[in-house]
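Reading through the structure tokens given below for one structure.
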Amino acid sequence: MSELLDKLKALLRVDEGERLKPYRDTQGHTTICDGFNLDAHPLSDEMASCLRLTGQLTHDMCETLLDITARAAIKDCEEIFPHYAKWTLNRQAAVADFTFNVGERTVEHGFTSFFRALNAEDWQRAADEIKYVNGLTKAQLSPYWIELHGDRPDSRPARTYKMILEG
């Protein structure tokens with residue numbers, strides 16, 4: 001798991017960016033560091049005290065929160081995808097990043113075609129479900145894709161698409 005954990009943490013660092021002070025994410029949640037949701041998960045007493053006294057956390061504290069976040073995303077994937085452990089490292093990391101980004105329940109219930117395609121290990125269909133609405137009809141870009149940088153080739157969804165498709 002160490003290699004997967006390191007890869008996922010690297011992806012989260014790129015997309016979330018370390019912010020030592022609290023901020024509102026795109027969904028309006030109070031967030032800190034590399035996407036740690038303060039509304040859903042309270043800080044330890046030590047971290048909460050540091051935040052109260054200084055208005056920010058330390059880099060080391062953010063590293064701890066990133067580790068917690070990445071481990072939770074991997075655990076969620078292991079629970080909802082029976083064959084997750086057998087997938088390539090790239091697919092595991094991409095799906096864990098996606099699951100972190102939208103939430104486990106949203107993956108299962110909001111992206112049902114994507115969820116089914118992953119469980120069937122139909123990588124082309126799963127990748128297309130990230131990018132396009134209406135499955136393989138490719139009628140229009142999905143709201144997820146548009147929200148996260150449109151059709152830029154360097155966007156988070158574009159990277160996820162490629163990692164799932166190419167393995």
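The values are calculated or read from the model by the stated rules, or taken from the named source; none is laboratory data. This structure is a prediction, so every number in the text was calculated from the model and none was measured. Here the Cβ is made from the backbone with ideal geometry for all residues, glycine too, and neighbour counts use every protein chain on show.
Of note:
- Test: residue in segment 21-42 that is touching a residue at least 60 places away in the same chain (Cβ under 8 Å) and of a type in the set (Ser, Thr, Tyr): yes
- For the residues 73, 117, the requirement of being aliphatic (A, V, I, L, M), farther than 19 Å from residue 12 by Cβ and modelled with pLDDT of 90 or more singles out 117.
- Qualifying positions in segment 28-62 - closer than 19 Å to residue 73 by Cα, surrounded by fewer than 11 Cβ atoms within 10 Å (Cβ to Cβ) and either over 18 Å from the mean Cα position of the chain (by Cα) or not aliphatic (A, V, I, L, M) (or both): 42
- Lone qualifier among 2, 44 - being of a type in the set (S, T, N, Q) and modelled with pLDDT of 95 or more: 44
- The number of residues in segment 35-59 being closer than 19 Å to residue 103 by Cβ and in contact with a strand residue (DSSP E or B) (Cβ under 8 Å, 6 or more places away or on another chain) comes to 3.
- Pairs meeting the criteria (first residue in segment 80-97 and assigned to a loop (DSSP other than H, G, I, E, B), second residue of a type in the set (D, E, K, R) and modelled with pLDDT under 95, beta carbons under 9 Å, at least 6 apart or on different chains) are 88/166.
- Residues within segment 90-112 that are in contact with a Leu (Cβ under 6 Å, 6 or more places away or on another chain) and either more than 21 Å from residue 129 (Cβ to Cβ) or of a type in the set (S, T, N, Q) (or both), tallied: 1
- Number of residues in segment 39-95 that are among the hydroxyl-bearing types (Ser, Thr, Tyr) and under 19 Å from residue 163 (Cα atoms) equals 2.
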